[in-house]
Amino acid sequence: MLSKLATTFALGCALAAVGISYVQTTVWWAGYDVRNCPGCQAIVDWAEERSRGDIPAVVAPDVVRAFQDDGVVVLSSAVSPSKVSDLADAVEALSDTFMTSVLSRVVLKQYRKYEHKLDTRSELVRDWAVHGPLASWAAELLGADEVRLYNSEKIYSAGSESPMGCNAAWHRDTVAAPFPTNVKSVTFNVYLDDIGAEGPHGDVLIYAKGSHKDLDLPPIVTQNVFEPVLKVGDVLAHDPHVYHTPSGRGCWNRRSLQFRYVASPTTFRFEPNRFPHGPIPWTMAHANGVAPHGLKEGDPLAGPWYPRVYPTPLEEEHVPIEGKPWGVLGLLSVTKEAVDIAENLGIGNDENCTLDDNAGAVEHPAYFGFDGPIRSCDGWEMIGGVPVHRDGQMKLSVQRMANEG
């Protein structure tokens with residue numbers, strides 16, 4: 001009898017192992033397709049967007065100046081609404097992966113849907129991200145001779161269904177960038193519906209203008225705030241370093257896509273010296289040992305995971321990604337490293353903090369939080385295990401989440 005039970009148990013374990021092994025090879029598990037959009041071609045006619053006749057260029061000199069000065073600008077009527085509608089249909093047709101099915105229900109509860117690296121799964125998204133005019137617009141805004149794509153994401157808000165409510169959550173995207181902080185980059189937000197800062201179709205991203213110029217101190221967010229009002233076809237461009245947030249004043253299920261670009265050449269920098277780290281989008285998209293890019297710290301940021309898009313895409317980068325999808329042990333390892341580094345640096349511990357020893361590290365700060373790079377002991381504290389600046393707005397968000405528990 002015991003022998004039969006042992007045999008049955010062993011067989012069950014073997015079948016479970018095979019099942020888990022199979023699941024970990026699927027797009028659902030990975031959140032992307034390591035085949036890297038096989039057979040995908042440039043299929044969209046972008047002539048209307050590239051050549052506007054007597055209409056001013058999408059990225060005119062005044063637009064570039066506004067982006068450089070404010071860290072944010074609207075590219076008005078940049079894309080035809082019909083193209084946005086086609087993009088929305090294509091994105092809606094994509095099946096949910098682990099990112100939405102699990103993470104947005106357990107960790108990212110403020111999102112109804114969250115998916116990334118869509119350019120590996122959809123021919124139309126890849127066309128927008130790699131072959132469309134976004135790449136040349138990025139080059140013009142950044143003043144770059146070469147540009148690479150580092151992510152393409154679907155972000156749908158949970159709106160009134162979010163257990164966290166609809167509130168502002170000021171932050172910088174610096175924590176999620178896989179390159180040094182002094183490298184120029186831009187995020188294009190393509191909203192799939194008309195949107196503004198006020199309800200009923202509110203909750204657009206709003207910005208503290210000029211805050212991308214000083215990463216060490218969170219800005220005062222009661223003045224010089226940019227609140228765009230967008231129509232379908234407008235594209236909202238921002239510097240990832242600029243302090244920003246959903247307005248929190250229009251609680252609805254906003255739908256947006258984000259295309260992220262960086263000036264090249266640059267190097268891969270994504271040490272586990274940032275928080276939060278773990279089962280969250282940027283860890284799974286970029287962390288060494290978790291994401292499948294195969295890059296080490298200091299390697300050139302290049303290859304099929306971070307393809308060149310300007311001046312022209314490289315055919316040799318549109319190939320399958322050699323790395324394996326993420327694993328649980330790798331994810332736990334980088335999470336532990338992030339926590340250990342924060343503890344060893346003594347962030348929030350005025351007596352034992354050693355951050356000032358790294359004060360001169362401009363390109364590679366000692367640590368990253370939502371409020372920006374952490375270079376000094378002054379001003380930073382830990383709330384619920386999260387590093388926040390005492391004068392920043394993320395402190396309020398973390399406290400609110402802790403209270404709503």
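The values are calculated or read from the model by the stated rules, or taken from the named source; none is laboratory data. None of these values were measured; they are calculated from a predicted model. With ideal geometry, Cβ positions are generated from the backbone for all residues, glycine too; neighbour counts draw on all protein chains shown. Accessible surface areas use protein heavy atoms only, side chains included; no ligands, DNA or RNA. Shrake-Rupley method; radii C 1.70, N 1.55, O 1.52, S 1.80 Å.
General observations
- Percent carbon-and-sulfur accessible area, segment 34-155, ignoring ligands, DNA and RNA, probe 1.4 Å: 48 percent
- Rounded to whole Å, the principal axis extents of the Cα atoms in the chain read 85, 57, 43, largest first.
- Within a straight-line Cα-Cα reach of under 21 Å, K113 can be paired with the following lysines, leaving aside sequence neighbours fewer than 8 residues apart in one chain: K154.
- Spherically averaged projected area of segment 140-294 from its Cα convex hull (nm²): 9.8 nm²
- Calculated from backbone phi, Karplus (6.51, -1.76, 1.60) coupling profile of segment 275-288 in Hz, x at Gly/Pro: 8, x, 10, x, x, 9, x, 6, 4, 6, 8, 10, 4, 4
- When each of the peptides 344-354, 126-136 is scored by the mean number of other C-beta atoms lying within 10 Å of its residues, the order from highest to lowest reads 126-136, 344-354.
- Evaluated over segment 78-201, the Cα radius of gyration and Dmax, each in Å: 15.7, 44
- Eligible aspartates and glutamates near K324 by straight Cα distance, threshold 13 Å, same-chain separation 8 or greater: D33
- Judged by the mean number of other Cβ atoms found within 10 Å, the most tightly packed of the peptides 240-249, 365-374 leads the ranking 365-374, 240-249.
- Each residue of segment 243-253 was assigned a 3J(HN,Hα) from its phi angle through the Karplus expression (A = 6.51, B = -1.76, C = 1.60, θ = phi - 60°), giving 6, 8, 6, x, 4, x, 10, x, 8, 8, 7 Hz with x at Gly and Pro.
- Computed from backbone phi with θ = phi - 60° and the Karplus coefficients 6.51, -1.76 and 1.60, the 3J(HN,Hα) list for segment 25-34 is 9, 8, 4, 4, 5, 5, x, 7, 10, 5 Hz; x is used for glycine and proline.
- When the convex hull of its Cα atoms is viewed from all sides, segment 267-370 shows a mean projected area of 7.9 nm².
- Electrostatic tally near V229: other residues with Cβ closer than 14 Å to its Cβ, Lys and Arg +1, Asp and Glu -1, net -3.
- Within the accessible surface of segment 215-311, defined with a 1.4 Å probe on protein heavy atoms only, the carbon and sulfur portion equals 56 percent.
- Placed amide H near Y367: partners under 5 Å, 5+ positions off or other chain: I374
- Net +/- balance of residues flanking G369 in space, Cβ distance below 15 Å, scoring K and R +1, D and E -1: -3
- Within a straight-line Cα-Cα reach of under 12 Å, K109 can be paired with the following aspartates and glutamates, leaving aside sequence neighbours fewer than 8 residues apart in one chain: E161.
- For segment 80-149, fraction of C-alpha pairs farther apart than 14 Å, in %: 67 percent
- For E317, neighbours were defined as the other residues whose beta-carbon sits under 10 Å from its Cβ, and their charges (Lys and Arg +1, Asp and Glu -1) total 0.
- Accessible surface, per residue, of segment 248-403 when the full set of protein chains is kept, probe 1.4 Å, Å²: 44 Å²
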